[in-house]
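Peer 1: Please read through the structure below; I'll follow up with questions.
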Amino acid sequence: PERRVPTVVLISTMHGDEPATRRILQSLRDGAPVRGVDLWVVPTYNPDGLARGRRKNAHGVDLNRNYPYGWVDLDGSYESGPRPRSEPETRAMMRFLRDVRPDRILSFHQPLYGVDTDTKVPAFARKVARKLHLPRRSLTCGGVCHGTMTGWYNHAFPGAALTVEYGAHPSRRLMTRVAPGQVLSVFGARRGRG
């Protein structure tokens, strides 16, 4: 019997002021066919924030604080919205992830430069850090990691979601030519025909 390939979702630009990593996903989407993984990419999760160069969506909500697991009413930079799932982007992503049920999710951010060690599959975090040449770090969000997408997914599903942070200004070459291949290597996937 043929080996089942992993289902993987890659998400970028959840925060509109963290735009560089979307180039990784666009390169994977627009390049040669990808083999060895069932790959889904969401290059721009927060188009309103991206258009304004702001962290939050058009309603002034941090989408990575709007998920129901561990939700807390936060204000300021981490405004969590009036209630869990209040934002259309959050509800759409929850539906999408329920439908796709990925084995693995990588959520790309900036600028903290590291791979989060707070995950239910530590070996996955170690592998991602090694393949992407990033340090492993505990990304505690300064104590405001409430209502995050990765926390919700890790709590509600058997698959594992992980946060990956690049630096503030990664090079275009890294984002378009180097990182896409590194990401595929995490999952034993490759580009090519046939």
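The values are calculated or read from the model by the stated rules, or taken from the named source; none is laboratory data. Here the structure is a predicted model, which is why all the values come from computation and not from measurement. No Cβ is skipped: glycine too gets one built from the backbone with ideal geometry, and neighbour counts run over all protein chains shown. The area values use the complete protein model at the heavy-atom level, side chains included, leaving out ligands, DNA and RNA. Shrake-Rupley method; radii C 1.70, N 1.55, O 1.52, S 1.80 Å.
Peer 1: Where in the range 1-117 are the strands (runs of 3 or more DSSP E), entirely inside, with at least 2 residues that are surrounded by 14 or more Cβ atoms within 10 Å (Cβ to Cβ) and free of Cβ contacts under 8 Å to residues at least 40 places away in the same chain?
Peer 2: Values: elements: 7-11, 38-42, 104-109, 114-116.
Filter on the range 1-117 gives 38-42.
Peer 1: Kindly indicate the residue of the range 173-194 that is in contact with a Gly (Cβ under 8 Å, 6 or more places away or on another chain) and assigned to a loop (DSSP other than H, G, I, E, B) and also least open to solvent (accessible area, probe 1.4 Å) among those meeting that condition.
Peer 2: Ala189
Peer 1: Of the conditions (1) assigned to a helix (DSSP H, G or I); (2) in contact (Cβ under 8 Å) with a residue 60 or more places away in the chain, Pro170 clears all except one; give me its number.
Peer 2: (1)
Peer 1: If you scan the range 124-138, which residues turn out to be open to solvent by less than 70 Å² (accessible area, probe 1.4 Å) and at pLDDT below 95?
Peer 2: Matches in the range 124-138: none.
Peer 1: Hey, among the residues in the range 15-51 that are more than 13 Å from Val183 (Cα to Cα) and aliphatic (A, V, I, L, M), which one's modelled with the lowest pLDDT?
Peer 2: Going through the qualifying residues, I end up with Ala32.
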